[in-house]
Every structure is written in C-alpha cells, then in structure tokens.
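Heads up: the structure comes next, in structure tokens.
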Amino acid sequence: MAGPGGPDHRPPPVGEEDRDRAVERLHEAYGEGRLSDEELDERLHEVLTATTGAELRSALASLPEEHAGAASTIAAVSGRIRRRGAWRVPRTLTVASALGSVHLDLSRAVIDHPVVDIELQVGTGSARITVPRDAVVDIEGLQTGRRQALHKARRRARPGGPRIRISGFMGLGRLTIRHAWR
C-alpha cells in the first residue's frame, strides 16, 4: 500500500555525523548544568536509538539553539596567523594557511564551551598552540605529513578545564602544543 509520498517514501536514516553532534550537544548541556544525570541518560538513549531526524530533534528539543557564532574560519595564503590575549574562542575553529605560520594562544582567551574543535589546514608552515593550563588536548584526528606533532600531555590536569580537540592536516611544518604556566 502506498503512503503519502509513494511506496518507498521513508525519511532518510539518521547519519552518524548528526548522531555524534547530538551526543556532543547533550554532553555540553550536561556540562553547563542544563541536564541532570537522569535526563542525560534518557536523552542519550533517545539519540542513540533514533532512526529519523524527527526523533533526533525530539531528544534535543528543550536545549537552546546552537550559537550562530559557534564556528569561525581564519585563513591566509601566506604570512602569519596570530591570535592572542583575551579573544573569544568559537566552538569550532578552522585555521587554514598555505605558506605561513600559525600561532594560537588560548591561555588568556575566553572559552565558553567545554569542548573546542580546532581544525588545522596547514601546508608548508609551522603551527604553535598554547592551551590553558588545565586543558585536555586530543590530537587523534590530526594527520601530519613530514614531522610528528609535539605535545606532552600534562600529568595532572585539574578537572573542569576545556577539552581541545585538534584535527586536520599539517603538511611539511610541525605542530607544537604547550600548556600555559598560569
């Protein structure tokens, strides 16, 4: 029997990216105190078992909309890209540099999100990222061309620091990550 859109009219299945983003939003809301332990468990179950976009949206219904400024891109063909001081770090930051160097100093930056994703697209240049002292850094999603990334994880990170996830590609240069002293 044909439905309203024909015999094969079914909503598209939930994609893994959408499901992962929904799980991330729930964890962020929990970290901000918007969800209790029980609410988080219930909603995670809803998200992980959702088969349609409507079911996924239902699990996120009472959460505030994502900030429009939650993503930003900094790009340069050559030269230097530098951010330091009290700048506001977006939830997702893409940094693209074909020939220059990149220096991101997050030690005094305003970080409103428990998780910050930084995607590097660096060709032939180096990148240096200074993170807050209590930050947890994840470089699992980073591909390097010639040189390995230099990062020594802190032995005792204090709880409550931001999680900085670095992904993307470093061509011929080197990525150096260091924790701020203060």
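What follows is calculated from the coordinates using simple rules that are stated; it is not laboratory data. None of these values were measured; they are calculated from a predicted model. Using ideal geometry, Cβ is built from the backbone for each residue, glycine included, and neighbour counts are taken over all protein chains shown.
Rounded to the nearest Hz, the phi-derived 3J(HN,Hα) couplings of the range 137-148 under the Karplus curve 6.51 cos²θ - 1.76 cosθ + 1.60 (θ = phi - 60°) are 10, 10, 10, 4, x, 9, 9, 10, x, 9, 10, 6, where x marks glycine and proline. Seen against the Cα atoms of the chain and their longest principal axis, helix 16-31 is set at about 80 degrees.
Mind checking the angle between helix 37-49 and the chain's longest principal axis? C-alpha axes, 0 to 90 degrees, to the nearest 10. Long axis of 37-49 versus the principal axis of the chain: about 70 degrees. With each label modelled as a point 7 angstrom along the Cα→C-beta vector, the Leu63-Leu172 pair spans 4.2 nm.
For the range 16-59, what number results from the quotient of the Cα radius of gyration and 2.2 N^0.38 Å?
Cα Rg divided by the expected 2.2 N^0.38 Å: 1.05.
By the helix-only formula, in which each DSSP H run with n ≥ 4 contributes -39500 (n - 2.57) and the sum is divided by residues, the chain has a 222 nm mean residue ellipticity of -6000 deg cm²/dmol. With 0.36 nm allotted per residue and the present C-alpha distance subtracted, the Arg80-Asp112 stretch has 9.0 nm of extension available. For the range 16-59, relative contact order (Cα pairs under 8 Å, six or more residues apart, normalised by length) works out to 37 percent.
The simple Förster model, with R0 at 45 Å and r as the Cβ-Cβ distance, assigns Thr51 and Gln148 a FRET efficiency of 0.65. The length gained on full extension between Glu39 and Asp20, counted as 0.36 nm times the residue separation minus their Cα-Cα distance, comes to 5.1 nm.
Whole-percent P(r), the chain, all Cα pairs, 5 Å bins from 0: 2, 7, 14, 16, 15, 14, 11, 9, 6, 2, 2, 1, 0, 0.
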